[in-house]
Amino acid sequence: MKHTKGNWSNTGLDIRSQSSLLLATVYKHLESNQSKEEALANAKLIASAPKLLEALKLMYETARLHGLPEFNNSLQLAEEAIKQATE
């Protein structure tokens, strides 16, 4: 694992680790480009990244283990997303 371990959370537009280390800040741009609500939604999505990655890896391995062909397209997308997040 290359990213900061543990759960992340957001306080407003700041994303922090479990130990309160500031990992990132989502900057709100001009109102014509991005609303405050959109900036907050982006911060929440970023903060959820470690849990989303963990869940995606588990679902990917479970689907591969059981050889479920109906998930082939989803498995390919999952594999690409995992690689993007970890390489």
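In the chain, helical runs assigned H by DSSP with n ≥ 4 each contribute -39500 (n - 2.57); averaged across all residues and rounded to the nearest 500, the mean residue ellipticity at 222 nm is -16500 deg cm²/dmol.
The charge dipole of the chain, taken about its Cα centre with unit charges on the Cβ of Lys, Arg, Asp and Glu (plus for the first two, minus for the last two), comes to roughly 320 debye.
Extending 7 Å from the Cα toward the beta-carbon at both Thr11 and Thr25 defines two label points whose distance is 1.3 nm. Ordering Leu77, Ser20, Ser35 by the projection of their Cα atoms onto the charge dipole of the chain, which places +1 on the Cβ of Lys and Arg and -1 on the Cβ of Asp and Glu, puts Ser20 at the extreme positive end. For the chain, the relative contact order is 25 percent, taking Cα pairs closer than 8 Å that sit 6 or more residues apart in sequence and dividing their mean separation by the residue count.
Only lysine pairs 8 or more places apart, or on different chains, with alpha-carbon atoms under 23 angstrom apart are counted in segment 1-47, and they number 5. Dividing the mean sequence gap of close Cα pairs (under 8 Å, 6+ apart) by how many residues segment 1-47 holds gives a relative contact order of 35 percent.
We did not get these values from a lab; they are worked out from the coordinates using the rules stated. Everything numeric in this text was worked out from a predicted model, so none of it was measured. Every residue, glycine as well, gets a Cβ built from its backbone with ideal geometry; the counts of neighbours run over all protein chains shown.
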